[in-house]
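Remarks on the structure that follows.
The values are calculated or read from the model by the stated rules, or taken from the named source; none is laboratory data. Quick caveat, the model's predicted, so the values are computed rather than measured. Using ideal geometry, Cβ is built from the backbone for each residue, glycine included, and neighbour counts are taken over all protein chains shown.
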Amino acid sequence: MAKAEVQITFQNGIREGNVIRFRPGATVQGRVLITPHQNIACRHLYVCLKWYTHGIGMQLQSKIAEEDCFQGTLQKGVPFPLDFAFTLPLEPWSYKGKLLNVRWAVEVHVDVPRGRDIRAESLFILRPDGAVAPSLLEA
């Protein structure tokens with residue numbers, strides 16, 4: 001099974017406690033750093049911007065943008081850096097309720113042939129200034 005350490009960091013945004021917040025319509029910028037534990041054949045390395053619901057009831061999700069960034073072999077122990085930038089839509093805003101949450105994330109997906117794909121995501125908050133408390137990612 002292919003294994004790698006994946007780090008996703010944001011290079012902009014507004015820090016609120018232990019989370020990053022972005023305003024609707026802003027650009028989310030960051031860097032992905034993948035360090036494989038062994039050589040990994042990679043059909044595709046995708047970085048995408050998405051939102052999804054979490055909680056009771058029907059689960060919804062939407063990929064807002066996706067980039068196919070690399071095809072080839074990720075070398076064992078060699079860090080593979082990749083910068084990303086996505087323009088955020090105006091909605092839906094992040095939300096935490098008793099029955100439903102709306103979460104935003106940047107996701108990395110390494111498509112591995114004949115093996116388990118590698119996936120990682122980093123959550124952030126999408127909301128305008130002063131709209132909701134920053135505890136949105138605690139659920």
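Results, tabulated for the structure shown:
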quantity: Residue match in segment 75-88 (condition: at pLDDT below 95, more than 21 Å from GLN29 (Cα to Cα) and of a type in the set (Lys, Arg)); calculated: no
quantity: Residue within segment 109-122 that is among the basic types (Lys, Arg) and free of Cβ contacts under 8 Å to residues at least 24 places away in the same chain present; calculated: yes
quantity: Residue that is farthest from VAL112 (Cα to Cα) [pool: residues in segment 44-67 that are modelled with pLDDT of 95 or more and loosely packed, with under 13 Cβ neighbours inside 10 Å]; calculated: SER62
quantity: Considering residues of segment 68-101 that are more than 30 Å from PRO36 (Cα to Cα) and among the polar types (S, T, N, Q) only, the residue surrounded by the fewest Cβ atoms within 10 Å (Cβ to Cβ); calculated: ASN101
quantity: Matching residues, segment 7-63, being of a type in the set (D, E, K, R) and either touching a residue at least 40 places away in the same chain (Cβ under 8 Å) or under 14 Å from GLU107 (Cβ atoms) (or both); calculated: GLU16, ARG21, ARG23, ARG31, ARG43, LYS50, LYS63
quantity: Candidate set from segment 102-127 (those that are over 16 Å from the mean Cα position of the chain (by Cα) and of a type outside the set (A, V, I, L, M, F, W, C)); member that is surrounded by the fewest Cβ atoms within 10 Å (Cβ to Cβ); calculated: ARG114
quantity: Segment 4-14, subset under 14 Å from the mean Cα position of the chain (by Cα) and among the aliphatic types (A, V, I, L, M), residue surrounded by the most Cβ atoms within 10 Å (Cβ to Cβ); calculated: ILE8
quantity: Qualifying residue in segment 15-33 (condition: surrounded by 17 or more Cβ atoms within 10 Å (Cβ to Cβ) and among the polar types (S, T, N, Q)); calculated: no
quantity: Enumeration of residues in segment 17-33 that are among the hydrophobic types (A, V, I, L, M, F, W, C), at pLDDT 95 or above and within 21 Å of ARG119 (Cβ to Cβ); calculated: ILE20, VAL28, VAL32, LEU33
